[in-house]
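Everything below concerns the one structure shown next.
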Amino acid sequence: MGYTAAPDAGAVTSTASKLDSEVMASDTVADLPASFTWEQWPGPPAITMVVHLDFNLLHFKPNGDRRSQKLALVAVLRDDRGNFVTGRRSVLELNLTEATFERFAKSGFTAALKIEAPPGSYSVRAVAEDAMEGKLAAASAEVQVK
């Protein structure tokens, strides 16, 4: 006994994930054991996001005789007004033997994303998300691409 209006066909529904929302934020998040640095490497104008993960604090799912984890990494450049300029996303699907896991547990695991951009000043944002628990790590900085 009532009336419920049909959804507006013109309405835009947001399917932005927690990861997508965090990419455009500016706060620091440390729920995931990850640290970020930004480096300039030789070659065309670009900035490289380097993420270091502590496997001792990251949860892995047992998968037979291996340990599995899936991580999404995003690095973006924004202009001086905070507008998105460019970015990259990478998904790491880890399926490690016990020996490989132990090696990375001692030294940590490092991955890098290179973003090419014209020379200039940018705000950078790095985000990592753990697919198993949805935990995030995020950080921002100011960089100069040469």
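Nothing in this text is a laboratory measurement; each read-out follows from the coordinates by a stated rule. Everything numeric in this text was worked out from a predicted model, so none of it was measured. Quick reminder, even Gly has a Cβ in these numbers, built from the backbone with ideal geometry, and neighbours come from all protein chains shown.
Mean-square fluctuation check for the chain, GNM, Cα pairs under 10 Å: which of SER21, SER35, SER68 is largest? Of SER21, SER35, SER68, the most mobile in the Gaussian network model is SER21.
Taking other C-beta atoms within 10 angstrom as a stand-in for reagent exposure, ILE115, ILE47 fall in the order ILE115, ILE47, fewest first. A simple rule links phi to the HN-Hα coupling: the Karplus curve 6.51 cos²θ - 1.76 cosθ + 1.60 with θ = phi - 60°, which for segment 113-120 gives 10, 9, 10, 7, 7, x, x, x Hz, with x for Gly and Pro.
Between GLY108 and PHE55, the built amide H atoms are under 5 Å apart, and every one of these is 5 or more places off in sequence or on another chain.
So what's the back-of-envelope 222 nm ellipticity for the chain, counting only DSSP H runs of four-plus at -39500 (n - 2.57) apiece and dividing by all residues, rounded to 500?
Values: 2 runs with 16 residues, N = 146.
Estimated from H runs of four or more residues: -3000 deg cm²/dmol.
Computed from phi, the 3J(HN,Hα) profile of segment 85-91 under the Karplus parametrisation 6.51, -1.76, 1.60 (θ = phi - 60°) reads 9, 7, x, 9, 10, 9, 10 Hz, with x in place of Gly and Pro. In the chain, taking the dipole from charged Cβ atoms about the Cα centre, the farthest positive-side position among PRO62, ASN83, GLN40 is held by GLN40.
Can you tell which of VAL91, VAL76, VAL23 shows the greatest fluctuation in a Gaussian network model of the chain with Cα springs below 10 Å? Top of the fluctuation ranking is VAL91. Just LYS106, LYS114, LYS70 to compare: in a GNM of the chain, with alpha carbon springs under 10 Å, which one fluctuates most? Among LYS106, LYS114, LYS70, the largest mean-square fluctuation in the Gaussian network model of the chain belongs to LYS106. The alpha-carbon of LYS114 sits under 17 angstrom from the alpha-carbons of these lysines, leaving out residues fewer than 8 places away in its chain: LYS146. Spin-label model, PHE84/HIS59: points 7 Å from Cα along the beta carbon direction are separated by 2.9 nm.
Using 0.36 nm per residue of separation minus the Cα-Cα distance, give me the extension gain between ASN95 and ALA30 in nm, one decimal.
21.0 nm
3J(HN,Hα) along segment 53-68: 10, 8, 5, 5, 10, 9, 7, 10, 9, x, 9, x, 8, 10, 10, 10 Hz, from the Karplus curve 6.51 cos²θ - 1.76 cosθ + 1.60 with θ = phi - 60°, whole Hz, x for Gly and Pro. Taking other C-beta atoms within 10 Å as the exposure proxy, ARG78, ARG103, ARG125 rank ARG103, ARG78, ARG125 from fewest upward.
Panel order for ASP54, ASP27, by other beta carbons found within 10 Å of each beta carbon, from fewest to most: ASP27, ASP54. Principal semi-axes of the equivalent ellipsoid, √(5λ) from the alpha carbon gyration tensor of the chain, are 30, 27, 12 Å from largest down.
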